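Written out below as structure tokens is the structure these notes cover.
The values are calculated or read from the model by the stated rules, or taken from the named source; none is laboratory data. Quantities reported herein were computed from a predicted structural model and do not represent experimental measurements. So basically every Cβ, Gly included, is an ideal-geometry build from the backbone, and we count neighbours across all protein chains shown. Surface accessibility is based on the protein's heavy atoms, side chains included, excluding ligands, DNA and RNA. Shrake-Rupley method; radii C 1.70, N 1.55, O 1.52, S 1.80 Å.
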Amino acid sequence: MTAPLTIETTPEVKAALSAGRPVVALESTIITHGMPWPGNRDMALEVEAVIRSEGAVPATIAVIDGRLHAGLDEAAITALAQAKDVMKLSRADFAYALAEGRTGATTVAATMMAAHLAGISVFATGGIGGVHQGAAESFDISADLDELGRTPVIVVSAGAKAILDIPKTLEALETRGVPVVAYGQDAMPAFWSRESGLKAPLRLDTPQTIARFEATRRMLGGHGGMLIANPVPVEDEIAASEMNRHIAAALATAKAKSIEGKAVTPFLLGEILNLTDGASLKTNIALVLNNARLAARIAAALASPAI
Ligand code: PSU
Ligand code: MN
């Protein structure tokens, strides 16, 4: 009764996967719900270019008309970036979009699931979802955290978005056995800012040591994902003191408008974009590119026979 899932790939992704060459998965919610057109398309194409320039192959993940794609060509990315009524898919509704022939963008959780099914073990994004501020009342905790606890994919992010409750997000990750590794510094980064005021649980300084850590985790068996928290480059950073003002204002507006559920993260990102006059978007794009570069290097280190 259960037929295996067909995953559509591009020739480039297919060739790389079958030869064991480095591949980096990319999410699509950041394209459809995280940034406005046409900057979202430019970002998606630039991120792919950065990964190729590092000698790895990008695989943007999305569900299009009920078919799962791991790897999109330029025309498909452009179409998705402008599409209306795209679902925002997490673990709960990923299969629904496949079964109902819908088009959906994958969040961190659904992208991890798809990457794992496709045999891709490294994934680059901006920031993960986490425990929202006010979660004690709203119960709003992203499914990204449970996915990190169960699916063995390395997620390269700029930390958790500062719109979240970062201390509670770190607690939830620890409970789920997810290593959180700051890259090249002790501090836990906070997406638009290099520092969150918290120390990251772990630190590593090279793609090779991250690959060695991952190989060691595999030896223990039954491991889930790992979160790499890669600070935004100094020249693109917006200081936490400035961001915190905008975040507080955006959270207050969300509360006043009773924004709930899946709409919360896209709403806050949109508000912050307006409050910073577009500066937050510039920083968001810069940090995604920076994460893509590191992800490609980790994928290369994992693919190298020395590991
Ligand atoms: N990071 C970004 N932009 C985004 C997201 C993350 O820079 O749009 C998306 C990711 O897809 C992440 C999702 O999985 O937001 C989290 O949504 P929620 O809080 O509803 O779980
Ligand atoms: Mn949520």
Here are T151, T169, T125: which of them is at pLDDT 95 or above, in contact with an Asp or Glu (Cβ under 8 Å, 6 or more places away or on another chain) and of a type in the set (S, T, N, Q)? T125
For residues that are more than 19 Å from the chain's Cα centre (by Cα) and touching a residue at least 12 places away in the same chain (Cβ under 8 Å), scanning just segment 207-220, find the one that is nearest to A279 (Cα to Cα). Q208
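Residues are listed down the side, and each one gets a yes or a no for (1) away from ligand 2 (no atom under 16 Å from the Cβ); (2) within 23 Å of R293 (Cα to Cα):
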| residue | (1), (2) |
| --- | --- |
| A59 | yes, yes |
| I64 | yes, no |
| D73 | yes, yes |
| A95 | yes, no |
| R102 | yes, no |
| A115 | yes, yes |
| I128 | no, yes |
| E137 | no, no |
Can you tell me which condition I141 does not meet? The list is (1) within 11 Å of ligand 1 (Cβ to nearest atom); (2) under 25 Å from I247 (Cα atoms); (3) open to solvent by less than 10 Å² (accessible area, probe 1.4 Å), and all the others hold. (3)
Only listed residue being of a type in the set (G, A, S) and out of contact with any Leu (no Cβ under 7 Å at 6 or more places or on another chain), chosen from S121, S138: S138
Among the charged types (D, E, K, R), under 21 Å from the mean Cα position of the chain (by Cα) and surrounded by 21 or more Cβ atoms within 10 Å (Cβ to Cβ): is that true of R203 in this structure? no
Can you go through V13, V47, V63 and tell me which one is buried (at least 16 other Cβ atoms within 10 Å of the Cβ) and in a strand (DSSP E or B)? V63
In a helix (DSSP H, G or I), within 13 Å of ligand 1 (Cβ to nearest atom) and open to solvent by less than 60 Å² (accessible area, probe 1.4 Å): is that true of L251 in this structure? no
Of the residues in segment 144-163 that are within 11 Å of ligand 1 (Cβ to nearest atom) and either part of a loop (DSSP other than H, G, I, E, B) or small (G, A, S) (or both), the one that is nearest to the chain's Cα centre (by Cα) is S157
Residue hits (segment 145-156; closer than 17 Å to K168 by Cα and touching a residue at least 40 places away in the same chain (Cβ under 8 Å)) are D146, E147, L148, G149
When segment 164-193 is checked residue by residue, the ones that are open to solvent by 60 Å² or more (accessible area, probe 1.4 Å) and assigned to a loop (DSSP other than H, G, I, E, B) are R176, D186
Check I259 against each of (1) open to solvent by less than 60 Å² (accessible area, probe 1.4 Å); (2) more than 19 Å from P36 (Cβ to Cβ); (3) free of Cβ contacts under 8 Å to residues at least 12 places away in the same chain and name the one condition it does not meet. (2)
Just the residues that are among the β-branched types (V, I, T) and either more than 7 Å from ligand 1 (Cβ to nearest atom) or in a helix (DSSP H, G or I) (or both), please, taken from segment 107-136. V108, T111, I120, V122, V131
Within segment 185-219, restricting to residues that are out of contact with any helix residue (DSSP H, G or I) (no Cβ under 9 Å at 6 or more places or on another chain) and hydrophobic (A, V, I, L, M, F, W, C), the one that is farthest from A301 (Cα to Cα) is A187
